[in-house]
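Quick note: the coordinates plus some simple rules give every number you see, no bench work behind them. Values in this document were obtained by computation on a predicted structure and should not be read as measured data. In this analysis, Cβ positions are derived from the backbone assuming ideal geometry, glycine residues included, and neighbour counts consider all displayed protein chains.
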């Protein structure tokens, strides 16, 4: 149980870091123009994907909403970095991190 809580806490820390990296970035154009922000955000998404992977391996019977997609996107960032589309990352940042944060907050306690 402690190990699972550690991974959930790691996800929360990565989400907090993403929020910090995105301070002042309000549009896709701003995001796409900043290589340092993109690098930092993608690194944190990789960390989230790895933590989700480890959680899924630890307890396959404990479903994580979109866990397979998170894991697959992590693999894409790591292994197919040249095929990573900034617009896809931006959409994930804007539309999908909220539910993951809620779940991580619940499970990291």
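Give the angle, between 0 and 90 degrees and rounded to the nearest 10, that separates the Cα long axis of helix 97-107 from the longest principal axis of the Cα atoms of the chain. Around 30 degrees separate the two axes. Our summary gives the chain a relative contact order of 40 percent, counting only alpha carbon pairs under 8 angstrom and 6 or more residues apart.
So how far, in whole Å, is the C-alpha centre of segment 39-109 from the one of segment 1-35? Each part reduced to its Cα centre gives a spacing of 10 Å. Cβ-to-Cβ counts within 10 Å put 36, 84 in ascending order as 36, 84, the fewest first.
How do 96, 21 rank when sorted from fewest to most other Cβ atoms within 10 Å of their own Cβ?
Fewest-to-most Cβ neighbours within 10 Å comes out as 96, 21.
Mean residue ellipticity at 222 nm, helices only, the chain: -25000 deg cm²/dmol; runs of at least 4 DSSP H residues each add -39,500 (n - 2.57), and the sum is divided by the number of residues.
Between residue 6 and residue 105, the distance separating the two model label sites (each 7 Å from Cα on the Cα→Cβ line) works out to 2.5 nm.
Taking the longest Cα principal axis of the chain as reference, the axis of helix 86-95 is set at about 50 degrees. Rounded, prolate or oblate: which fits segment 1-43 when a ≥ b ≥ c are the square roots of the eigenvalues of the alpha-carbon gyration tensor, with rounded for a/c under 1.5 and prolate only if a/b beats b/c? Because a/c hits 1.5 or more and a/b exceeds b/c, segment 1-43 counts as prolate. Simple spin-label estimate for residue 28 and residue 16 gives 3.1 nm between the two label positions (7 Å along the Cα-to-Cβ direction from each Cα).
On a 0 to 90 degree scale, rounded to 10, what angle separates helix 2-21 from the longest Cα axis of the chain? Once rounded, the angle reads 10 degrees.
Each of 5, 76 has some number of other Cβ atoms within 10 Å of its Cβ, and from fewest to most they run 5, 76.
Listed options for Rg/Rh (Cα atoms, Kirkwood Rh) are (1) 0.97; (2) 1.12; (3) 1.65. The value calculated from this structure is the one marked (1).
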